[in-house]
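Here the structure comes first, spelled out in structure tokens, and everything after it is commentary.
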Amino acid sequence: MTCSDSFHTEMAQEFIYFMNEPQNRNYLVNYHLKVTSQTENFKWLGTWFLTEKKNKLVFYDNNTSQNQTNENPTGLSLSDYLKKKKGLFELEKQKIFVFTVCLLYEENKVHYLSFVYHKGFLTSFDPGIQFYPKGQKIVIPHIKNAFSQVDLKNYTNMGVCKNISWKNFPTGIQFNGKKGSLFPADSFCQTWTLFFIIRIFYLDNIECLDDYVQKLCKIPPKHREFYLISFFVLPSLIYHSSLLKKYSLQLNKKTTFLSSFSFLRGQNDNKKIKSNEILSILWNTIESCFPICEKKTKFSFPTTKTKKTNERTR
């Protein structure tokens, strides 16, 4: 497989769908909370869904599946929902609350953002700044307004890559720099936002968040997708057999994918792809398209931690 091959694109697209599922998101976040011993410092609130309906935003809580969530609204506005959570925020005020928000709009489009909330301080991470404007125009104002009904002392907007602009506009980590493209951005908002949340657990101090975002921004735009595959997608599948099995089942339901895979093998049998073959294809993609990392580091998350604080210094 060469870097010009488009076969990985279909696999990546299916992983996007895979990461839209709240159950998969919850599994990964809770796993990393446990292995980093951060359950005392952080609380994961899951993914909240906002849907545009008749110029109004309808709020859905989740933790089951996206489809079920969309059929079962809470009956509360987000502001009312947070007011009910106010006791939790006060009871566990020493914890840092993290969550993602998904906006569903125009029938089948989505955009995800990450949020961090601690003692009245709210921080957002929008990976699709400029290319997915509804994040800045709709989601962030709505979340800010809802938290102002509870306790909002300060708000910080993260996600702008200070080192790279596009047509004199700021960009986020989803900018891929494809020349000649009218929309030079990837579709991995759901994966970037989850990756961002998980990496917070490995930082020594949440004051380092902006520094970390800017380090991500230094990755050449054309390599960002492969960075995400290398440091998040592959580790998530390699070290979690249950997720790999679910992902394999999802891929094997796609006849176009099986046809493409059969063609690559020089056969025409549409034989189901095995889990180890999925990993091999992703690995070969990285070898061809993302050669800037040492092979030994591609699958690793940090395994040791230094002392961490959850206090903000202002």
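A few points about this structure:
- One residue from LYS43, LYS84 being modelled with pLDDT of 85 or more, touching a Phe, Trp or Tyr at 6+ places or on another chain (Cβ under 6 Å) and either closer than 30 Å to LYS137 by Cβ or loosely packed, with under 14 Cβ neighbours inside 10 Å (or both): LYS43
- Condition check for LEU209: within 22 Å of MET11 (Cα to Cα), within 17 Å of the chain's Cα centre (by Cα) and surrounded by 16 or more Cβ atoms within 10 Å (Cβ to Cβ): no
- Among the residues making up segment 125-145, those that are surrounded by 22 or more Cβ atoms within 10 Å (Cβ to Cβ) and either over 21 Å from the mean Cα position of the chain (by Cα) or within 21 Å of LEU82 (Cβ to Cβ) (or both) are PHE125, ASP126, GLY135, VAL139, ILE143.
- Listed by position, the strands (runs of 3 or more DSSP E) inside segment 81-164 whose residues that are among the aromatic types (Phe, Trp, Tyr) and closer than 16 Å to TRP48 by Cα number at least 2 are 96-105, 109-118.
- Which listed residue is surrounded by 14 or more Cβ atoms within 10 Å (Cβ to Cβ), touching a helix residue (DSSP H, G or I) at 6+ places or on another chain (Cβ under 8 Å) and at pLDDT below 80, from HIS8, HIS32: HIS8
- TYR155 vs. criteria more than 16 Å from ILE197 (Cβ to Cβ), touching a strand residue (DSSP E or B) at 6+ places or on another chain (Cβ under 9 Å) and modelled with pLDDT under 95: no
- So LYS53, is it modelled with pLDDT under 90 and more than 21 Å from the chain's Cα centre (by Cα): yes
- Residue in segment 188-206 that is without any contact (Cβ under 8 Å) to a residue 24 or more places away in the chain, over 19 Å from CYS102 (Cα atoms) and not charged (D, E, K, R) present: no
The values are calculated or read from the model by the stated rules, or taken from the named source; none is laboratory data. Everything quoted here is computed from the prediction, not taken from an experiment. Cβ sites come from the backbone with ideal geometry, for glycine too, and all protein chains shown count toward neighbours.
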